[in-house]
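Below is one structure, written out as structure tokens, with a few remarks after it.
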Amino acid sequence: MDRKVPGTTILRSVAVGTAALTYLLVVLGSTVRVTKSGMGCPSWPLCYGHLGYVDRFHAILEQSHRYLASVVTIGIAVTAVGVERLGGRSRSHRAGRRPQPKPYLALRKLTRWSVVLVGVQVVLGAITVFAHNAPVTVGVHLVAAFTLLGVVTAVATVLTSIGRAPTGSSRGEGLPRRTGHKIENWAVSALLATVAAGGFVVDSGVAAKCRSLPTCPSGSTVAVLTPHLLHRSLAAVAVALVVGGATKALLRGWSKLLPVAVMSLAGLQLLAGAEVAILGAPAVLQDLHLALAAALWVSAVALAAQANWGQLPAERSDWTRHESLSCDATNGHPAGAALGGAASDG
Ligand code: HEM
């Protein structure tokens, strides 16, 4: 596919690298929280007035989070500039004689959102420090972090799908067609709601107070029951939808690895959730539960992005076949052809 779309190889690597670093940033943020290092640096943006590492455990963790956030911000900015340039390659597109392909417009919108969200997240991080980790700021910071991770994952997925087209079956039968992506999109919404409810459990200070399944021990107060039952019910709905979306992708032969990863991560996350609840939320399990939540989120968003903007047929010969179709449809403009093909189902 790279042969057909010059210049996207580096851009795709930057986008995928940025998404991977954003995942690590979210997990590191959780480690900062569970090790109670959130106030490891009581000032912002410098730590005790230092730019370099301060020789204390909590400060080192908090500073690493800030440094990694800076690298992610640069990665997002570079990706956004690259995507804007990708759209400006064709003179006729630039002159407005031909409309930009729909998937390119989606990609551009997503990268612009990633720039806005990373700015919001930096400000929220500062507010969290100034507010001494007030629960509400920690909760908003968590949801914004997952949203940003979702957007950069979608950008990386769309860029990776360039030139790989939806065909409707693993054997490449039939032309690209609309299939409806409701279940994947609902799964993503339900997962984000579950994450927000998980943050609610933590921020209400009741994480260790519901040590039974499926509901909390009898006699639990409303303050304990509400966040836990909300979180568990949403998790059940989210997992059902995520598994439904993955099953659909498998049955239609769009790809194998991603749906299998989604299903496995969903199962592991349910187990980790049950363990963290029963064992009274020990720090290590909290971190694992968050890391699995972020991995499940990344794979579910990637599945939804593929369904919306580019499904990958299982066989490479099908991509080539579709690429030539897309090229014809866009008068041979390579980026337009590839992007048009990647999202013509969306
Ligand atoms: C799709 C499935 C699930 C997702 C995406 C998810 C996600 C999350 C998230 C993001 C948090 C907040 C972590 C933090 O702020 O650091 C959380 C907390 C929590 N979740 Fe889940 N969860 C899921 C399923 C479950 C299940 C099934 C249970 C129990 C039966 C559970 C129990 C808990 C508990 C006890 C906490 C508070 C302790 C902690 O921070 O780990 N979760 N969850």
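The values are calculated or read from the model by the stated rules, or taken from the named source; none is laboratory data. Small disclaimer: the values here were computed from a predicted structure and weren't measured. Reconstructed Cβ throughout: ideal geometry from the backbone, glycine too, with neighbour counts over all protein chains shown.
Taking the stretch 210-243 only, how many residues are within 23 Å of N133 (Cβ to Cβ) and either part of a helix (DSSP H, G or I) or within 24 Å of the chain's Cα centre (by Cα) (or both)? Lay out the reasoning, then the answer.
If we filter the stretch 210-243 for residues that are within 23 Å of N133 (Cβ to Cβ), which is where we start, we get 210, 223-224, 226-228, 230-231.
Filter once more, keeping what is either part of a helix (DSSP H, G or I) or within 24 Å of the chain's Cα centre (by Cα) (or both): 223-224, 226-228, 230-231.
Here the count works out to 7.
Given the options A238, A197, A154, A187, name the one that is at pLDDT 95 or above, crowded, with 20+ Cβ neighbours inside 10 Å, in contact with a Gly (Cβ under 8 Å, 6 or more places away or on another chain) and not charged (D, E, K, R).
Details: A238 fails: in contact with a Gly (Cβ under 8 Å, 6 or more places away or on another chain); A197 fails: in contact with a Gly (Cβ under 8 Å, 6 or more places away or on another chain); A154 fails: in contact with a Gly (Cβ under 8 Å, 6 or more places away or on another chain).
Being at pLDDT 95 or above, crowded, with 20+ Cβ neighbours inside 10 Å, in contact with a Gly (Cβ under 8 Å, 6 or more places away or on another chain) and not charged (D, E, K, R) holds for just one of A238, A197, A154, A187, which is A187.
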Next on the checklist: Can you tell me how many residues within the stretch 39-51 are in contact with a helix residue (DSSP H, G or I) (Cβ under 8 Å, 6 or more places away or on another chain), over 14 Å from S70 (Cβ atoms) and surrounded by fewer than 20 Cβ atoms within 10 Å (Cβ to Cβ)?
Outcome noted: 4
Checklist entry - Do we have any residue at all in the stretch 24-36 that's farther than 23 Å from A294 by Cα and modelled with pLDDT under 95? => result no
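Against the condition more than 8 Å from the ligand (Cβ to nearest atom) and closer than 22 Å to A283 by Cβ, how does P227 come out, does it pass?
Details: more than 8 Å from the ligand (Cβ to nearest atom): yes; closer than 22 Å to A283 by Cβ: yes.
Judged against the criteria, P227 is a match.
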Next on the checklist: Tell me the residue from A223, A294, A283, A274 that is among the aliphatic types (A, V, I, L, M), touching a residue at least 12 places away in the same chain (Cβ under 8 Å) and buried (at least 20 other Cβ atoms within 10 Å of the Cβ), please.
Outcome noted: A294
Next on the checklist: Against the condition part of a loop (DSSP other than H, G, I, E, B) and over 20 Å from the mean Cα position of the chain (by Cα), how does A207 come out, does it pass?
Outcome noted: yes
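Kindly indicate which of A261, A305, A291, A266 is part of a helix (DSSP H, G or I), more than 9 Å from the ligand (Cβ to nearest atom) and under 17 Å from N185 (Cα atoms). Steps first, please.
Working: A261 fails: under 17 Å from N185 (Cα atoms); A291 fails: under 17 Å from N185 (Cα atoms); A266 fails: more than 9 Å from the ligand (Cβ to nearest atom).
Exactly one residue qualifies, and that residue is A305.
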Checklist entry - Given (1) at pLDDT 95 or above; (2) within 16 Å of the ligand (Cβ to nearest atom), where does V222 come up short, assuming only one miss? => result (2)
